1. Only one residue in B:A255, B:A283, B:A219 is more than 26 Å from C:L110 (Cα to Cα) and within 8 Å of chain C (Cβ to nearest Cβ). Which one?
2. Name the residues in the stretch B:181-197 that are closer than 13 Å to B:V30 by Cα and surrounded by fewer than 24 Cβ atoms within 10 Å (Cβ to Cβ), would you?
3. Before we move on, is B:R178 surrounded by fewer than 18 Cβ atoms within 10 Å (Cβ to Cβ) and more than 30 Å from B:S3 (Cβ to Cβ)?
4. Identify the residue in the stretch B:232-248 that is away from chain C (no Cβ under 12 Å) and under 22 Å from C:T121 (Cα atoms) and, among all such residues, is surrounded by the most Cβ atoms within 10 Å (Cβ to Cβ).
5. Would a scan of the stretch B:248-268 turn up a residue that is closer than 30 Å to C:I199 by Cβ and either modelled with pLDDT of 85 or more or out of contact with any strand residue (DSSP E or B) (no Cβ under 8 Å at 6 or more places or on another chain) (or both)?
6. On the basis of being among the small types (G, A, S) and surrounded by 22 or more Cβ atoms within 10 Å (Cβ to Cβ), does A:A53 make the cut?
7. Check the stretch A:55-74 and report whether any residue there is free of Cβ contacts under 8 Å to residues at least 12 places away in the same chain and touching a strand residue (DSSP E or B) at 6+ places or on another chain (Cβ under 8 Å).
8. Identify all residues within the stretch C:87-125 that are within 9 Å of chain B (Cβ to nearest Cβ), part of a helix (DSSP H, G or I) and farther than 25 Å from C:V157 by Cα; write none if there are none.
Amino acid sequence: MIEITDLTVRFGGVTPLDGMTVTFDSGTCGLIGPNGAGKTTFFNVLSGFVRPAHGSVYAFGDDLLAMPHYKRARWGLRRTFQTEQAIEELSVADNVALAHEHSRRGSRVSRRADVLGALELVGLGVAPDVKVEALGTRDRRLVEIARAVVGRPRVVLLDEPAAGLPDEETEHLGRVIRGIPEYTGALAVLVDHDMSLVSACCEKTVVLDFGKLIAAGPTATVLRDENVVRAYLGTEPVRVER
Amino acid sequence: MPSWQDFQPFIVAGLALGGVYALSGVGMVVLYRTTGVLNLAFGAVGAMGALIAWTLINTYGWPEGLAYLVCIAFGAAISLGYGLLAGPPLAGRDPLVKAAATLGLALILLGTMSWIWSDKARSMVLPTTTWRHEVGEVLINWTQILALALGVLITLTTAVFLRRTGLGTAMRALANDREITASLGVPVRRVEATTWVVSGALSGVAGLLLSNLVGLDAATLTFLVISSLAAALIARLRSLVVTLAAGIVIGLVNAVVTPIFSISPYRDMTPFVLAAVALLFLARHQQISFARRIT
Amino acid sequence: MRRPTASQARAPATVLALLLIVVLVLPPLLSAYWIDVLTAVAIYSVVALGLNLLMGRVGLVSLGQIAVLALGGWVAAKLAFATSIPFPLVLLIAGLITLVLGTLVGLPALRLSGLYLALITLMLAGAITVVLSTTNFPNGGPGFLGHTESSFGNPSVRRPDIAGSDPGYFRFTVIVAAAMFALALWHVRSRPGRAWAAIRQSEPAALAAGVNITLYKLWAWALASFMTGVAGGLLAGSVGKLYTYQFPTRDSIILLAVVLMGGIYSLWGAVVAGGLMKLLPALLDDWGLPADLLTILFGVGVLQVLLTAPGGLAAQVPKDLARLGGALSAVVRREAARAERAPTGPAPREPAQ
């Protein structure tokens with residue numbers, strides 16, 4: 001469970017996050033909102049790249065904001081990035097091992113097995129010794145996700161993993177993401193614009209707009225919520241010309 | 001401890017050198033803010049220009065004024081040439097890569113100077129050096145006055161220019177964001193080229209002045225750029241007035257320490273130590289520096 | 001972590017063979033002059049290796065490695081004259097002390113971004129050079145600085161007992177240099193190497209994976225300092241007498257140039273760099289050409305690498321060879337496939353292309 005209380009981020013004259021208060025329960029939770037709503041900023045606060053003006057984040061009872069950024073990964077926080085960041089000059093296995101060996105929750109003895117297990121979970125059909133620079137976007141995304149689920153993570157943040165992927169890949173991605181809480185015991189938060197993916201993976205969804213929380217609850221209900229629809233389509237009623 | 005009288009000639013020498021550090025520093029700062037290139041070959045360019053002037057005067061009997069103009073023109077031309085050649089391919093790269101590339105230019109110039117002129121001792125005497133004054137108990141020559149005056153003048157003129165003229169505004173816009181400036185219709189390449197020319201001309205001027213204040217030696221003149229660089233760094237590669245003040249302080253401290261025998265051997269550390277301290281002070285709040293690949 | 005492929009298993013054997021040739025076969029074939037030159041090549045390869053690791057693995061630039069070399073030489077000379085510690089131990093201690101000094105500098109300095117870090121190394125190197133030109137190098141004299149002005153000629157730094165002669169010291173140097181390369185290779189292939197790869201590509205991704213960036217940057221910095229310190233000790237034993245003019249600021253820039261030209265993405269690039277820096281000048285001298293041409297060449301080299309070929313020579317040549325090898329093996333495979341398709345009788349005629 002992640003408890004966020006009054007989280008606010010300010011820089012320049014902008015307030016990307018404004019008094020966000022919400023609780024993410026177990027399983028997979030969706031986080032949606034139009035562009036610029038503050039979703040990536042939220043992830044960046046959790047990762048430690050951005051310091052909030054005020055507010056608190058408690059994950060499984062631990063004060064996340066009190067930890068230095070690299071220690072959060074050790075604690076069990078993992079994430080993927082909007083533009084995938086698989087390390088090109090390393091092999092697939094080494095990329096995944098990177099997260100494992102810097103996490104206190106993984107032991108050296110089980111490393112190889114854990115890495116291969118993570119690769120199997122994401123369904124990457126590439127030999128583990130292949131260098132990532134030889135792979136295409138879809139495979140690199142899967143490597144990144146494998147890196148996020150290896151070992152025993154506690155929180156997995158997925159930032160638009162389906163961006164730019166064709167529908168069949170998105171389906172595969174959906175199956176992988178649905179399996180994360182079961183395989184790792186972690187809480188997953190999925191940010192994406194693909195509503196079918198979000199519906200398929202997340203029981204609950206939270207919606208941000210201009211840094212403020214405008215809806216939270218069961219995914220199907222949230223997606224039908226008037227405020228949410230208005231946030232995505234604009235406030236002007238749609239007029240049909242005759 | 002030496003007396004006030006003993007210090008005076010050093011104060012004068014220090015102020016003069018400081019003036020040159022300041023005008024060089026200003027040249028480097030404006031170029032850096034406009035193009036993102038910290039030109040570490042600034043000193044080498046001026047050195048070669050000065051050597052060319054020397055050859056024109058002493059080997060070919062050219063009139064001095066013309067030779068000095070050639071020196072300044074050479075500085076402008078080489079800098080422009082480099083900017084046109086190396087600018088576009090490196091345009092989007094990290095400032096570190098751009099600065100490292102100027103080291104390539106510095107090596108080319110150093111090698112050329114060493115080859116053509118070797119390390120013979122030379123001297124070039126500007127007419128202003130022969131005009132001397134006695135002020136109190138110190139002998140001041142006009143080159144020293146010129147150096148300090150130019151340092152101050154160029155700093156102030158550039159500061160005003162950047163704020164008041166169209167070209168200056170364009171330069172400041174470029175310093176802020178190249179992409180947006182280009183999309184506003186500003187002739188980015190032309191502005192950059194102009195900046196290279198002016199910066200290059202300044203290096204020629206600095207070369208001439210330093211050849212009189214310090215000596216006409218390729219290596220010395222090339223590495224004096226470090227003192228100007230130190231001044232620019234203390235100004236965080238931003239404020240021209242701070243560059244002026246820092247340049248003068250560096251020149252002064254370096255020179256004034258000379259008659260104090262106990263620390264005199266270490267006086268050349270002045271620019272290095274001051275710059276290092278300034279840089280570390282800059283770093284005190286840093287968190288992550290998002291490094292990019294070298295090549 | 002990885003199981004080595006067949007070609008990777010062959011590589012150490014080739015390297016070992018090369019090493020044996022250099023150590024056993026070369027020395028008797030060369031004159032004293034060339035032994036000196038090759039000793040310098042080995043020493044400066046190690047210096048280049050330090051910078052190669054910093055630039056190629058972590059993306060950090062230091063413009064002060066020659067000053068670090070001088071520091072290492074100073075410490076080694078001091079230990080050699082003031083104590084009777086065996087020379088290999090002198091090298092180790094010199095390396096360790098240089099490591100400590102380097103780390104002390106790195107702790108505040110590494111918070112700076114690329115350009116400013118390079119500049120601060122330039123500044124600190126300048127400061128060190130000024131101090132050294134005043135304190136000079138230990139030569140058996142009294143006190144902490146251990147230097148006396150003597151008109152009778154200074155004693156030389158002592159060498160290891162078994163490697164007192166020039167050819168002997170050459171072998172010793174090559175072995176120590178090989179050990180340094182092995183140390184570097186071990187780092188690159190294991191956990192620090194992976195962390196460095198992540199840091200170089202994307203610091204956010206590295207952080208998200210739990211890499212303590214400051215620690216690993218410091219580690220690379222410390223490793224480079226250690227190696228350069230050891231190289232300084234080797235240099236002290238090689239030339240015997242150290243003077244400030246042997247460590248000019250210009251050499252730090254030339255070092256940058258040759259490391260870039262040799263190639264920063266492969267450890268072999270450091271060997272190429274050492275050769276460029278110390279072998280080429282000797283060759284040019286032998287052929288009666290001015291050394292200044294090299295300075296110009298290095299300047300052009302820097303521009304060429306930064307503007308066009310990021311991998312340098314060490315990446316380009318293997319790539320070309322690999323392409324050639326690939327073409328050859330493709331031809332071989334095609335012929336084998338053709339022979340398989342027609343096991344009896346001659347191969348069918350190919351239709352006209």
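1. Values: B:A255 fails: within 8 Å of chain C (Cβ to nearest Cβ); B:A283 fails: more than 26 Å from C:L110 (Cα to Cα).
When all the criteria are applied, what remains is B:A219.
2. Here is the first cut: in the stretch B:181-197, the ones closer than 13 Å to B:V30 by Cα are B:191-197.
Listed by number, the residues that qualify are B:V191, B:A193, B:T194, B:V197.
3. It is false that B:R178 is surrounded by fewer than 18 Cβ atoms within 10 Å (Cβ to Cβ) and more than 30 Å from B:S3 (Cβ to Cβ).
4. Residues of the stretch B:232-248 away from chain C (no Cβ under 12 Å): B:235, B:238-248.
This time we only want the ones that are under 22 Å from C:T121 (Cα atoms), so: B:235, B:238, B:243, B:246-247.
Values: B:A235: 22, B:R238: 12, B:T243: 32, B:A246: 27, B:G247: 30.
Looking at residues that are away from chain C (no Cβ under 12 Å) and under 22 Å from C:T121 (Cα atoms), I get B:T243.
5. No, every residue in the stretch B:248-268 fails to be closer than 30 Å to C:I199 by Cβ and either modelled with pLDDT of 85 or more or out of contact with any strand residue (DSSP E or B) (no Cβ under 8 Å at 6 or more places or on another chain) (or both).
6. On the way: among the small types (G, A, S): yes; surrounded by 22 or more Cβ atoms within 10 Å (Cβ to Cβ): no.
Here the answer is no, as A:A53 does not meet what is asked.
7. Let us first name the residues in the stretch A:55-74 that are free of Cβ contacts under 8 Å to residues at least 12 places away in the same chain, namely A:61, A:63, A:66, A:71.
Filter once more, so that each one left must be touching a strand residue (DSSP E or B) at 6+ places or on another chain (Cβ under 8 Å): A:63.
Scanning the stretch A:55-74 turns up at least one residue that is free of Cβ contacts under 8 Å to residues at least 12 places away in the same chain and touching a strand residue (DSSP E or B) at 6+ places or on another chain (Cβ under 8 Å).
8. C:P108, C:A109, C:G114, C:L115, C:Y116, C:L117, C:A118, C:L119, C:I120, C:L122, C:M123, C:L124
The values are calculated or read from the model by the stated rules, or taken from the named source; none is laboratory data. Just so it is clear, the model here is predicted, and its values are computed rather than measured. When we count neighbours, we look across all protein chains shown, and the Cβ atoms used for this are built from the backbone with ideal geometry, even at glycine.
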